[in-house]
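See below for the structure under consideration.
Throughout, read-outs are computed from the coordinates displayed, never taken from laboratory work. What you see is a predicted model, and the numbers here were worked out from it, not measured in a lab. Cβ sites come from the backbone with ideal geometry, for glycine too, and all protein chains shown count toward neighbours.
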Amino acid sequence: GKGWMTQHLVQYQGFWVNPDAALKNLMWIQDHFKPRPTDIFLASFPKSGTTWLKALIFAIVNRTRYGFADHPLLTTGPHDCFPFLYAHLYEKDRSRFDLDGFPSPRLLSSHIPYTSLPNSMTDSQSYRFIYICRDPKDVLVSTWLFMNKLRPKELAPLSLEEAFELFCQGISPYGPFWDHVLGYWIASLETPEKILFLKYEELKKESFVIVKSLGEFLGYPFSLEEESKGVVEEIVKLCSFEKLSNLEVNRTSVQKFSKGARVDNRHFFREGKVGDWKNYLTAEMVQRLDEITYHNLLPSGLLFPT
Ligand code: A3P
């Protein structure tokens with residue numbers, strides 16, 4: 001049978017979602033979310049580097065407001081600086097997530113598939129999307145370990161074999177992985193001025209270059225003076241896995257996932273590496289997953305470094 005993490009998922013507009021939390025949230029976005037032309041929207045498949053990019057974008061956009069010695073990211077988690085859109089559905093203190101009251105530019109994020117976005121967001125000329133994706137082998141391992149950490153104590157853990165099999169069939173939160181990635185990839189090819197498509201592996205390797213292009217894309221380009229002062233490097237350092245994962249706030253705080261469900265923020269910081277799948281997946285698993293990935297993504301020209 002299916003493991004606890006997937007047995008309650010339902011398919012909605014082609015993607016597997018949790019019927020309580022994710023589905024309600026997707027429908028709320030479609031029916032009630034009021035986009036602003038200045039919004040900056042971060043989209044991702046879960047476990048692809050969302051937390052990291054939240055920190056980076058927050059630091060880039062707000063860099064003239066805060067010094068690095070007493071930066072908000074040192075005492076507030078990335079998910080509180082840059083909320084998931086669903087957060088306001090569960091927050092008791094509505095004022096913290098009064099979306100209409102947020103100053104512009106609003107930093108908002110969601111795992112919503114591109115094809116499920118309301119037209120009001122996709123048609124707007126000025127709306128900016130950033131999408132981050134990651135090698136599905138690392139996404140699978142990260143998802144599997146994360147889900148087992150969130151697992152209710154009375155339930156048995158999901159085995160890697162089970163998680164792998166389901167993932168290959170496209171059954172995981174917001175899966176199929178490949179359809180999710182393709183939605184944003186194709187849209188980014190059609191409207192590159194609106195959607196910046198990033199890969200975790202490249203962000204890791206070329207942090208400096210990508211942070212600069214993020215600034216450019218978002219309308220906050222780095223000046224020569226800032227560059228010579230080392231502002232880009234400061235941002236990269238502040239948002240690094242080493243820095244963020246060791247901060248007290250990211251080791252102890254919790255966030256609400258859905259009604260009643262809470263998750264420790266430290267679970268968003270595990271290894272933070274490229275290729276940790278090598279420590280978990282068998283050669284057969286690697287071959288099968290790579291084949292599915294090539295089959296699904298190659299025609300569109302999207303590749304992951306292996
Ligand atoms: P691992 O489980 O492979 O370590 P998301 O934020 O989308 O949920 O993704 C979580 C993944 O990003 C985890 O991967 C986590 O460790 C990694 N991560 C979190 N913060 C990071 C950072 N600052 N730099 C690089 N990776 C980070």
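Quick notes on this one:
- Distance from the Cα centroid of the stretch 247-290 to that of the stretch 100-148 is 17 Å (rounded to whole angstrom).
- The residues T51, T64, T38, when put in order of fewest to most other Cβ atoms within 10 Å, stand as T64, T38, T51.
- For the stretch 233-306, the equivalent ellipsoid derived from the alpha-carbon gyration tensor has semi-axes of 32, 18, 14 Å in decreasing order.
- Under the criterion of Cα pairs below 8 Å and six or more residues apart, the relative contact order for the stretch 188-248 equals 22 percent.
- With a Förster radius of 45 Å applied to the C-beta separation of E233 and E193, the computed FRET efficiency comes to 0.95.
- Volume of the Cα convex hull of the stretch 116-241, divided per residue and given in Å³: 138 Å³
- Rounded to the nearest whole Hz, the Karplus-based 3J(HN,Hα) values (6.51 cos²θ - 1.76 cosθ + 1.60, θ = phi - 60°) of the stretch 107-122 follow the sequence 9, 10, 9, 6, 9, 4, x, 4, 5, 9, 5, x, 4, 4, 8, 6, with x at glycine and proline.
- Additional length obtainable on full extension of the chain from D70 to D31, 0.36 nm per residue less Cα span: 10.1 nm
- Fraction of antiparallel bridges per DSSP, the chain only, in percent to nearest 5: 30 percent
- Paired Rg and Dmax values of the chain, which use every Cα atom, in angstrom: 18.7, 59
- Ranked packing of 233-241, 273-281, most packed first, by mean Cβ within 10 Å: 233-241, 273-281
- Gain in span if fully extended, Q11 to T122, counting 0.36 nm per residue against the direct Cα distance: 37.7 nm
- Cα coordinate range in the stretch 168-222, projected on the principal axes (Å, largest first): 43, 25, 15
- This model, with +1 at the C-beta of Lys and Arg and -1 at the C-beta of Asp and Glu, gives the chain a dipole about its Cα centre of some 740 debye.
- Summarising the amide proton neighbourhood of C133: residues at separation of 5 or more, or on other chains, whose placed amide H is nearer than 5 Å comprise L198, K199, Y200.
- With a simple spin-label model that places each label point 7 Å from the Cα along the Cα-to-Cβ direction, the separation between E162 and F241 comes to 2.7 nm.
- Over the stretch 108-156, equivalent-ellipsoid semi-axes from the Cα gyration tensor in Å: 32, 14, 8
- For the stretch 100-190, the gyration tensor built on C-alpha atoms gives a prolate shape. Its axis ratio a/c (a ≥ b ≥ c) is at least 1.5, and a/b is the larger of a/b and b/c.
- The calculated P(r) of the stretch 150-196, using every Cα pair and 10 Å bins from 0, goes 24, 32, 24, 15, 5 in percent.
- Alpha-carbon gyration tensor eigenvalues x 5, square-rooted, for the stretch 168-306, Å: 28, 24, 17
- Most positive-pole-ward Cα, F146, S110, Q125, against dipole of the stretch 51-154 from beta carbon charges: F146
- Over the chain, relative contact order from alpha-carbon pairs under 8 Å, at least 6 apart, %: 26 percent
- On the principal axes of its alpha carbon atoms, the stretch 31-180 extends 47, 39, 31 Å, with the longest extent given first.
- FRET efficiency for the pair T38 and L298, taken as 1/(1 + (r/R0)^6) with r the Cβ-Cβ distance and R0 = 45 Å, rounds to 0.80.
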